[in-house]
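First up is the structure itself, then whatever we jot down about it.
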Amino acid sequence: MTAAELARTLNARKVGRGKWMALCPAHPDRNRSLSIAEGRRVPVVLKCMSQNCDTKAILEAAGLRWADLFDGKPTPQIRRRVRLQDEKERLERLWILYEMLSVTEPEKRNYWLAAARRTRKDLFWVRWELERDVVEAEILKWVQHWRAM
């Protein structure tokens, strides 16, 4: 697996040439503290900047093995995660487009809003597969908000 594939798997942000930052899966992380880089002697270099988590703990928390970093082919789970990440990005772009069209084309507003609702529903389920704990936290926050009203 390349550093880019691992970055995709962990939903990392590119910060430079061959460098990404992601939330560290080995500990509760609010800010991106996991550095992912292309190495010279090894294919991927991982470093947790906040908690200094062990690479083994990071891999276990992400559902990966050492062999995943050194084998050329990603596992089926990694390929699935990358496909889901691509689908999430596609649905996010579509959702934004439909919301914009609902404003810019008032005569077709209901049509575009219905398309946006369907896309948002699909996006929810893709996010549920990718980042279940984050989605659950959002749902709990929403429920608490509505209970307080």
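Residues checked against (1) modelled with pLDDT under 85; (2) over 29 Å from A137 (Cβ atoms); (3) among the basic types (K, R); (4) within 20 Å of the chain's Cα centre (by Cα):
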position: K14; (1), (2), (3), (4): no, no, yes, yes
position: A26; (1), (2), (3), (4): yes, no, no, yes
position: S35; (1), (2), (3), (4): no, no, no, yes
position: E38; (1), (2), (3), (4): yes, yes, no, yes
position: K47; (1), (2), (3), (4): yes, no, yes, yes
position: L59; (1), (2), (3), (4): yes, no, no, yes
position: L64; (1), (2), (3), (4): yes, no, no, yes
position: A67; (1), (2), (3), (4): yes, yes, no, no
position: D71; (1), (2), (3), (4): yes, yes, no, no
In the stretch 117-139, is there at least one residue being of a type in the set (S, T, Y), surrounded by 12 or more Cβ atoms within 10 Å (Cβ to Cβ) and modelled with pLDDT of 95 or more?
yes
Counting only helices (runs of 4 or more DSSP H) wholly inside the stretch 57-149, the ones holding at least 3 residues that are in contact with a helix residue (DSSP H, G or I) (Cβ under 7 Å, 6 or more places away or on another chain), under 30 Å from L34 (Cβ atoms) and hydrophobic (A, V, I, L, M, F, W, C) are 76-104, 109-130
Evaluate the following for Q51: is it over 16 Å from the mean Cα position of the chain (by Cα) and within 23 Å of A137 (Cα to Cα)?
yes
Residue selected from the stretch 114-137 under the condition hydrophobic (A, V, I, L, M, F, W, C) and within 11 Å of the chain's Cα centre (by Cα), by the criterion nearest to L10 (Cα to Cα):
L130
Under the condition of being touching a residue at least 60 places away in the same chain (Cβ under 8 Å) and either in contact with a Cys (Cβ under 8 Å, 6 or more places away or on another chain) or part of a helix (DSSP H, G or I) (or both), which residue from the stretch 1-56 is farthest from R83 (Cα to Cα)?
L6
Residues that are in contact (Cβ under 8 Å) with a residue 12 or more places away in the chain and in contact with a Gly (Cβ under 8 Å, 6 or more places away or on another chain): does the stretch 77-98 have at least one?
yes
Going through the stretch 86-100 one residue at a time, which ones are farther than 23 Å from L10 by Cα and surrounded by 14 or more Cβ atoms within 10 Å (Cβ to Cβ)?
L97, Y98, E99
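The values are calculated or read from the model by the stated rules, or taken from the named source; none is laboratory data. Being a predicted model, the structure only gives us computed values, none of them experimental. Virtual Cβ from ideal backbone geometry, glycine too; neighbours counted across all protein chains shown.
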